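Take a look at the structure set out below.
The values are calculated or read from the model by the stated rules, or taken from the named source; none is laboratory data. Model, not experiment: these values are computed from the prediction. Ideal geometry is used to build each Cβ from the backbone, glycine not excepted, and the neighbour counts take in all protein chains shown.
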Amino acid sequence: MSFLDNLFNKKNTNQNPAVTAILPEEIYSSAVLELKDVIAPSAIKVTPRDISLGDKIARTFFVISYPRFLTESWFAPIINLDKIFDISIYVHPIDTAQILRTFQKKVAEVQSQIHMREEKGLVRDPVLDTAYQDLEQLRDQLQQAQEKIFDVGLYFTIYGSTNDELDKIESEIKSILESKLVYVKPALFQQEQGFRSVLPFGTDELNVNSKLNSSPLSSVFPFISFDLTSDKGILYGINRHNSSLILFDRFSLENYNSVTFAKAGSGKSYFTKLEILRSLMFDIDVIVIDPEKEYEYLSEATGGRYFNISLNSEHHINPFDLPVPREDESAADVLRANIINLVGLFRIMLGGLTPEEDSVIDQAIGQTYALKDITPESDFTAVEPPLLSDFELVLAGMEGGASLVQRLEKYTKGTWAGFINRPSNVDINKKFIVFSLRDMEDELKPVAMYIVTHYIWNAIRQKLRKRILVIDEAWWMMKSEDTASFLLGLAKRCRKYYLGLCTITQDVEDFLKSPYGLPIITNSSIQVLLKQSPSSIDSVQHTFNLTDEEKYLLLESDVGEGIFFAGLKHVAIKVIASYTEDQIITSDPSQVLANRAAKKELDEERNNL
């Protein structure tokens, strides 16, 4: 009966029965919404195979059959499936005495069938023998209170916007379960009861149960998550879901590359320095391109080498340097590859080249090498390579080179002359090498990063060793098509040389805007997402196919918290470090100042002694 019916059926307090009084509080209460009015769907339609709940369609299934043995975590692929669905598990204990009486009858029946086959001279039936052994073993365990028997109902409801979407999810779930010999059926003509059974009311209206003892029942335990604990590798952090250790070896994956995305101050450099420190203990060489001078103290503490690349620096790299050809390559291959890379470098230095200028530059580079007797047919291993000023002289004598020389003068005679117009004097024969670009002008940073990475790449290819190359603030390299293309080429080829490329950036938008950004991500087996800013979270969610829960996890994460992807697995991570490690790798300005003061005080004490 409706509210108005109730209202008009009330007895009037007046003596006049023809008049009905409506009290003010009743009028008010009739317009008040309850919680069930808010959360209820606009309409419900029940069909034999599913239920329409407003704009969504729900379909409920139940498990009808299990295999003889249930392996540990067999249900994990379903629980971790990236779909929207609900699961209900009903566990009804059965009295052990009642089960033992049933077992006694069942054992007698199976024994009788076995004896009858023996009397008739028939061949042994493996099915009967196995059933007899299972029954006897389980009966012993029940009598010793090692096991109990339960009626177990396992139901799940899937959701979708269309029937095609539901059919696709149903097929995926069925294929996963049937591969483990677990079979399900839809609750035909019982969708309403099935839907209510899955809702958190605790009422099993379907009542489709299978008998399971304690051991297989424990394998259905739903509160599980992926773990990344292996027998070898380094400690990256703690799994925030189950507090297990995230121990992993990047060199055990199909490629050794990684990308790290995080907003400023969320702990990306801290995470990377911690990985470097622990990797060095496993005899892994590490090379870092550091744009913010964050790795200087770490290089000092570990006995590494620190090169400051700037206009006024004493460290120089000559881009015309040629690596010694390996056994599997010729001098012509090395020279050709270096000329191609130099053309890309000049394209960045000169702000782009027309097709005609590109051709002139290519010819000038070849002639510059020829002046130093470096040709595809010569042995240039002991020959001093040319400098940028030599290239300028050659270019000046070529048709169409005048404007190029004018644009090149700032690198040979102007304020930028001290940067690359010098012979190389850096030696990277150490376990830990850092190239700092902090003091380099912003306009020259893409040029410097291109030169340094190319120099490192030539050195890496000479000797096969387990190495990690860290490029911090990689968005600088994504500004230019040539540097971004070179970085992608590095990501694709470095596995052949036992190298893991570690790309780090805080400007996710700039990184992903480049056509080379997404391929670099897809060529990285390890992906680390720490705290993200609201402005970039949608791009991150789309790129990494995150659920809404994972999206909000990244927005609400604390420093050093996020999601760690390794291959097909990903877990929520919390980065942890010991006190000693923290003192070495911290980027917190207050801690850095305190460490410097302590170091200064210690040096003064040593000098006084």
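Here is a check on your reading of the model: is V434 surrounded by 15 or more Cβ atoms within 10 Å (Cβ to Cβ), in a helix (DSSP H, G or I) and either at positive phi or out of contact with any His (no Cβ under 7 Å at 6 or more places or on another chain) (or both)? Write out each step before concluding.
Working: surrounded by 15 or more Cβ atoms within 10 Å (Cβ to Cβ): yes; in a helix (DSSP H, G or I): no; either at positive phi or out of contact with any His (no Cβ under 7 Å at 6 or more places or on another chain) (or both): yes.
The answer is no for V434.
Take region 55-80 and flag every residue that is of a type outside the set (S, T, Y), out of contact with any Lys or Arg (no Cβ under 6 Å at 6 or more places or on another chain) and closer than 16 Å to Y155 by Cβ.
From region 55-80, those of a type outside the set (S, T, Y) are 55-59, 61-64, 67-70, 72, 74-80; that's our starting set.
Within this subset, residues satisfying the condition of being out of contact with any Lys or Arg (no Cβ under 6 Å at 6 or more places or on another chain) are 55-59, 61-63, 67-70, 72, 75-80.
Across region 55-80, the qualifying residues are A58, R59, F61, F62, V63, F75, I78, I79.
Any residue at all in region 498-518 that's modelled with pLDDT of 85 or more, out of contact with any His (no Cβ under 9 Å at 6 or more places or on another chain) and charged (D, E, K, R)?
Scanning region 498-518 turns up no residue that is modelled with pLDDT of 85 or more, out of contact with any His (no Cβ under 9 Å at 6 or more places or on another chain) and charged (D, E, K, R).
Report the residue count in region 566-598 for those that are charged (D, E, K, R) and in a helix (DSSP H, G or I). Before you say what the answer is, go through the steps one by one.
Going residue by residue through region 566-598, those that are charged (D, E, K, R) are 569, 574, 581-582, 588, 596.
Next cut, in a helix (DSSP H, G or I) only: 581-582, 596.
Final tally of qualifying residues: 3.
If I ask for residues that are part of a helix (DSSP H, G or I), more than 36 Å from the chain's Cα centre (by Cα) and of a type in the set (A, V, I, L, M, F, W, C), which ones from region 70-107 would you list?
A97, I99, L100, F103, V107
Against the condition part of a loop (DSSP other than H, G, I, E, B), hydrophobic (A, V, I, L, M, F, W, C) and crowded, with 18+ Cβ neighbours inside 10 Å, how does L546 come out, does it pass? First the steps, then the outcome.
On the way: part of a loop (DSSP other than H, G, I, E, B): yes; hydrophobic (A, V, I, L, M, F, W, C): yes; crowded, with 18+ Cβ neighbours inside 10 Å: yes.
Criteria met by L546.
Specify which of the listed residues (I526, I456, I460, I521) is buried (at least 21 other Cβ atoms within 10 Å of the Cβ), within 20 Å of the chain's Cα centre (by Cα) and closer than 23 Å to E254 by Cα.
Details: I456 fails: within 20 Å of the chain's Cα centre (by Cα); I460 fails: within 20 Å of the chain's Cα centre (by Cα); I521 fails: buried (at least 21 other Cβ atoms within 10 Å of the Cβ).
Residue meeting the stated conditions: I526.
Any residue that is loosely packed, with under 12 Cβ neighbours inside 10 Å, in contact (Cβ under 8 Å) with a residue 40 or more places away in the chain, out of contact with any Ser or Thr (no Cβ under 8 Å at 6 or more places or on another chain) and part of a loop (DSSP other than H, G, I, E, B) - is there at least one of those in region 108-128?
No; the residues of region 108-128 include none that is loosely packed, with under 12 Cβ neighbours inside 10 Å, in contact (Cβ under 8 Å) with a residue 40 or more places away in the chain, out of contact with any Ser or Thr (no Cβ under 8 Å at 6 or more places or on another chain) and part of a loop (DSSP other than H, G, I, E, B).
So which residues in region 491-515 are outside any helix (DSSP H, G or I) and either surrounded by fewer than 20 Cβ atoms within 10 Å (Cβ to Cβ) or aliphatic (A, V, I, L, M) (or both), if there are any at all?
Here is the first cut: in region 491-515, the ones outside any helix (DSSP H, G or I) are 498-507, 514-515.
Result: Y498, L499, L501, I504, D507, P515.
Answer yes or no: is there a residue in region 159-179 that is modelled with pLDDT of 80 or more, outside any helix (DSSP H, G or I) and over 30 Å from L53 (Cβ atoms). Explain how you work it out, then say what you get.
Residues of region 159-179 that are modelled with pLDDT of 80 or more, as a first pass: 159-179.
Those left that are additionally outside any helix (DSSP H, G or I): 159-162, 179.
Imposing the further condition that a residue be over 30 Å from L53 (Cβ atoms) reduces the set to 179.
The answer is yes; a qualifying residue exists.
Among the numbered criteria (1) outside any loop (DSSP other than H, G, I, E, B); (2) in contact with a Lys or Arg (Cβ under 6 Å, 6 or more places away or on another chain); (3) surrounded by fewer than 17 Cβ atoms within 10 Å (Cβ to Cβ), which single criterion is violated by R336?
(2)
Being surrounded by fewer than 16 Cβ atoms within 10 Å (Cβ to Cβ), at pLDDT below 85, over 28 Å from L335 (Cα atoms) and not hydroxyl-bearing (S, T, Y) is the requirement here; does G418 meet it? Lay out the reasoning, then the answer.
Numbers: surrounded by fewer than 16 Cβ atoms within 10 Å (Cβ to Cβ): yes; at pLDDT below 85: yes; over 28 Å from L335 (Cα atoms): no; not hydroxyl-bearing (S, T, Y): yes.
For G418, the condition - surrounded by fewer than 16 Cβ atoms within 10 Å (Cβ to Cβ), at pLDDT below 85, over 28 Å from L335 (Cα atoms) and not hydroxyl-bearing (S, T, Y) - is not met.
Within region 467-490, take every residue that is within 22 Å of the chain's Cα centre (by Cα) and assigned to a loop (DSSP other than H, G, I, E, B) and give me the one that is surrounded by the most Cβ atoms within 10 Å (Cβ to Cβ).
D472
Do we find a residue being of a type in the set (F, W, Y) and within 30 Å of Y155 (Cβ to Cβ) anywhere in region 233-253? Walk me through how you get there before you give the answer.
Applying the first criterion (of a type in the set (F, W, Y)) to region 233-253 yields 236, 248, 251.
Still in the running and within 30 Å of Y155 (Cβ to Cβ): none.
Among the residues of region 233-253, not one is of a type in the set (F, W, Y) and within 30 Å of Y155 (Cβ to Cβ), which makes the answer no.
Listed here are the residues, each with its yes/no results for (1) without any contact (Cβ under 8 Å) to a residue 24 or more places away in the chain; (2) part of a helix (DSSP H, G or I); (3) touching an Asp or Glu at 6+ places or on another chain (Cβ under 7 Å); (4) surrounded by fewer than 20 Cβ atoms within 10 Å (Cβ to Cβ).
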{"residue": "H316", "(1), (2), (3), (4)": "no, no, no, yes"}
{"residue": "F320", "(1), (2), (3), (4)": "no, no, no, no"}
{"residue": "L342", "(1), (2), (3), (4)": "yes, yes, no, no"}
{"residue": "G352", "(1), (2), (3), (4)": "yes, no, no, yes"}
{"residue": "S359", "(1), (2), (3), (4)": "yes, yes, no, yes"}
{"residue": "I365", "(1), (2), (3), (4)": "no, yes, no, no"}
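Taking the criterion of being among the polar types (S, T, N, Q), closer than 29 Å to I374 by Cα and touching a Phe, Trp or Tyr at 6+ places or on another chain (Cβ under 8 Å), would at least one residue in region 296-305 satisfy it?
Here is the first cut: in region 296-305, the ones among the polar types (S, T, N, Q) are 299, 302.
Then drop every residue that is not closer than 29 Å to I374 by Cα, which leaves none.
Checking region 296-305: not a single residue is among the polar types (S, T, N, Q), closer than 29 Å to I374 by Cα and touching a Phe, Trp or Tyr at 6+ places or on another chain (Cβ under 8 Å).
E136: modelled with pLDDT of 90 or more, surrounded by 12 or more Cβ atoms within 10 Å (Cβ to Cβ) and not hydroxyl-bearing (S, T, Y), yes or no? So that I can check it myself, show each step before the final result.
On the way: modelled with pLDDT of 90 or more: no; surrounded by 12 or more Cβ atoms within 10 Å (Cβ to Cβ): yes; not hydroxyl-bearing (S, T, Y): yes.
Considered against the rule, which asks whether it is modelled with pLDDT of 90 or more, surrounded by 12 or more Cβ atoms within 10 Å (Cβ to Cβ) and not hydroxyl-bearing (S, T, Y), E136 comes out as no.
Being at pLDDT below 85, under 25 Å from A264 (Cβ atoms) and over 23 Å from the mean Cα position of the chain (by Cα) narrows it down to one of D603, D588, D582, D548, so name that one.
Numbers: D603 fails: under 25 Å from A264 (Cβ atoms); D582 fails: at pLDDT below 85; D548 fails: over 23 Å from the mean Cα position of the chain (by Cα).
The unique qualifying residue is D588.
Quick grid of which residues meet (1) within 20 Å of Y579 (Cβ to Cβ); (2) in contact with a Cys (Cβ under 6 Å, 6 or more places away or on another chain); (3) surrounded by fewer than 23 Cβ atoms within 10 Å (Cβ to Cβ):
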residue	(1), (2), (3)
S244	no, no, yes
L247	no, no, yes
N255	no, no, yes
F261	no, no, no
A264	no, no, yes
K268	no, no, no
L274	yes, no, no
V288	no, no, no
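Being within 24 Å of L142 (Cα to Cα), in the same structural domain as E165 (by TED's automatic domain parsing), among the charged types (D, E, K, R) and touching a helix residue (DSSP H, G or I) at 6+ places or on another chain (Cβ under 8 Å) is the requirement here; does R117 meet it? Quick ask: steps written out before the conclusion?
Values: within 24 Å of L142 (Cα to Cα): no; in the same structural domain as E165 (by TED's automatic domain parsing): yes; among the charged types (D, E, K, R): yes; touching a helix residue (DSSP H, G or I) at 6+ places or on another chain (Cβ under 8 Å): yes.
No, not satisfied.
Scan S266, S279, S252, S258 and give me the residue that is assigned by TED's automatic domain parsing to the domain that holds I526, touching a residue at least 12 places away in the same chain (Cβ under 8 Å) and touching a helix residue (DSSP H, G or I) at 6+ places or on another chain (Cβ under 8 Å).
Values: S266 fails: touching a helix residue (DSSP H, G or I) at 6+ places or on another chain (Cβ under 8 Å); S279 fails: touching a helix residue (DSSP H, G or I) at 6+ places or on another chain (Cβ under 8 Å); S252 fails: touching a helix residue (DSSP H, G or I) at 6+ places or on another chain (Cβ under 8 Å).
One residue alone meets the criteria, S258.
Mind counting the residues in region 455-492 that are among the small types (G, A, S) and free of Cβ contacts under 8 Å to residues at least 60 places away in the same chain? Let's see the steps before the verdict.
Here is the first cut: in region 455-492, the ones among the small types (G, A, S) are 459, 474, 480, 484-485, 489, 491.
Okay, now just the ones that are also free of Cβ contacts under 8 Å to residues at least 60 places away in the same chain, so 474, 484, 489.
So the answer is 3.
Scan region 136-186 residue by residue and report those that are closer than 21 Å to R59 by Cα and acidic (D, E). Walk me through how you get there before you give the answer.
Restricting attention to region 136-186, the residues satisfying the condition of being closer than 21 Å to R59 by Cα are 152-178, 182-186.
Within region 136-186, D164, E165, D167, E170, E172, E178 qualify.
With (1) crowded, with 19+ Cβ neighbours inside 10 Å; (2) in a helix (DSSP H, G or I) as the list, and E409 as the residue in question, which single condition is left unmet?
Going through the list (1) crowded, with 19+ Cβ neighbours inside 10 Å; (2) in a helix (DSSP H, G or I), E409 breaks only (1).
For K83, are the conditions met, namely being modelled with pLDDT under 80 and either at negative phi or exposed (fewer than 15 other Cβ atoms within 10 Å of the Cβ) (or both)? Full working, then the answer.
Values: modelled with pLDDT under 80: no; either at negative phi or exposed (fewer than 15 other Cβ atoms within 10 Å of the Cβ) (or both): yes.
Judged against the criteria, K83 is not a match.
Taking the stated definitions as given, is F195 in contact with a His (Cβ under 7 Å, 6 or more places away or on another chain), of a type outside the set (D, E) and either outside any loop (DSSP other than H, G, I, E, B) or within 30 Å of A572 (Cβ to Cβ) (or both)? Don't jump to the end; show me each part of the working.
On the way: in contact with a His (Cβ under 7 Å, 6 or more places away or on another chain): no; of a type outside the set (D, E): yes; either outside any loop (DSSP other than H, G, I, E, B) or within 30 Å of A572 (Cβ to Cβ) (or both): yes.
Spelling it out, it is not the case that F195 is in contact with a His (Cβ under 7 Å, 6 or more places away or on another chain), of a type outside the set (D, E) and either outside any loop (DSSP other than H, G, I, E, B) or within 30 Å of A572 (Cβ to Cβ) (or both).
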